[in-house]
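Inspection log for the structure reproduced underneath, given as structure tokens.
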Amino acid sequence: MPDTSRDRDPRMPPATWHDAFAALPPEVPARDTWQEVSRSLDAARPGRRRPLAWLAMAAALVLAVALPWRAMDSDMDGAADGAATRDMTAAAATPAALDALYAESAQLEILLAHARDSQVASGTALAMTDDLDARLAAIDSRLSRPGLTEQQRQQLWTDRVQALRALAAFEGTRRWLAANGTHYDGALVHVN
Amino acid sequence: MATMTSFAIEVPDVLLARVRAGDRAAFEQLYRWFERPVFTLAARILGDRELARDVLQDTMLKAYSRIDSFDARGGTPFWGWLRQVAVNEALMRLRRDRRLEQELADDGALDRARDPGPPPPAAADASELQRALALLPVATRSVLWLYHAEGYTHEEIAVLMQRTPSFSKSQLARGTRRLRALLETREPTHA
């Protein structure tokens, strides 16, 4: 990897702030963390290959998440490619409305951070949350596009908050099941 | 902005294919390549090495479990995708600890001064620059690092921090000015 910072004379002041930041030495963990990561991967492995649980998950996904999600999804699909088409009907975007969405989004992120516990997650539950996370990432990607109108931005933030609500509901349910001594994989078998 | 970031490591497709297939040795190689960039980014944003270590682990575990969702055909290199995961993990940690929200809530009037000018000579001193960075509020430091070091645009930072591009511009102008002042007021040193 080219390292332009090494080409500069260290006695010379940096020409730009980027040069100054790039010249900072990299931080290195105090100890090798690979073994810990490797052990975590070993712990997660058994949950990753369960075809029956996957089928069960699909059934429960319809009941628990997908149905409400579908109702929301039609809005999201619109946000993907045609947010402008809703401009005619969307409520007027205001800084106050956007601020409210930012605030709720941040609160839901905090809630999710508390609710999520990767130590007790099963492979199937991780797969479900991964799907929801991927949808969030897609919304974030669209939000980063330049040239969005305020109404498009507000619609995307509305979609984001809805996605976070769905994710928070799922995580909350997962925690509730865990607190009652079961988990999604087991609960899903009963559905079938 | 064509900013060179320490993340900009080209990963061969064949290595990614091996990781996707569950090859642990291939993933360890990937981990070794990106360990320092991820840890450095997390340490700069969080200002805490223990938290940065947690972010490093969470980022790499998430990358491993979600590598199937990375699609190079979208035009984003693997390092860009991984960096996005790392930034999100670091900011999530700030939100969980309620450090970010407090500062964002406290943020008042926007500061729209644009050009912060070049850094002062003292910025060439890595220890001084690190000291000055550590004195900045965490939200401000995060914006500065994402913009100056990683080359994110204001629009991208706005999405990452769930604020507006104006917020990012304001934090950048204010933070860079503050950083300059901290560097210019350092104690004189003798080489």
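Please treat every number below as a calculation from the coordinates, not as lab data. Here the structure is a predicted model, which means the values were calculated and not measured. Please note: Cβ atoms are built from the backbone with ideal geometry, for glycine as well, and neighbour counts cover all protein chains shown.
Ellipsoid semi-axes for the range B:40-91, based on the Cα gyration tensor and the rule √(5λ), read 22, 11, 6 Å when sorted largest first. Under conditions of 37 °C and 0.692 mPa s, the range B:1-97 yields 240 µm² s⁻¹ as its translational diffusion coefficient, taking Rh as the Kirkwood radius over Cα pairs in the Stokes-Einstein equation. With K and R counted +1 and D and E -1, the other residues having a Cβ less than 10 Å from that of B:Gln130 yield a net charge of -1. If you line up the long axis of helix B:49-65 against the longest principal axis of chain B, both from Cα atoms, how many degrees apart are they, to the nearest 10? That works out to roughly 30 degrees.
In a fully extended conformation the segment linking B:Glu50 and B:Ile9 would gain 12.3 nm over its present Cα-Cα distance, using 0.36 nm per residue. Can you give me the angle between helix B:24-46 and the longest principal axis of chain B, using Cα atoms only, in degrees from 0 to 90, rounded to the nearest 10? The angle comes out at about 10 degrees. Per residue of B:158-169, other chain Cβ atoms within 10 Å of the residue Cβ number 4 on average. Entry for chain B at q = 0.11, 0.13, 0.18 Å⁻¹: log10 I(q)/I(0) = -0.54, -0.73, -1.23, Debye formula applied to identical alpha-carbon scatterers, no solvent contribution. Comparing B:Ala52, B:Ala63, B:Ala21 in a Gaussian network model of chain B where C-alpha atoms under 10 Å apart are linked, the largest mean-square fluctuation is found at B:Ala21. Rounded to 0.05, the FRET efficiency of the A:Ala103 and A:Ala169 pair, given R0 = 22 Å and the Cβ-Cβ distance, is 0.70.
Over chain B, DSSP H runs of length four or greater, each weighted -39,500 (n - 2.57), average out per residue to a 222 nm ellipticity of -20000 deg cm²/dmol. Across the range B:111-191, the fraction of Cα-Cα pairs farther apart than 15 Å, rounded to a whole number, is 54%.
Springs between Cα atoms under 10 Å define the GNM used for chain B, and in it the highest mean-square fluctuation of B:Ala123, B:Ala42, B:Ala90 occurs at B:Ala123.
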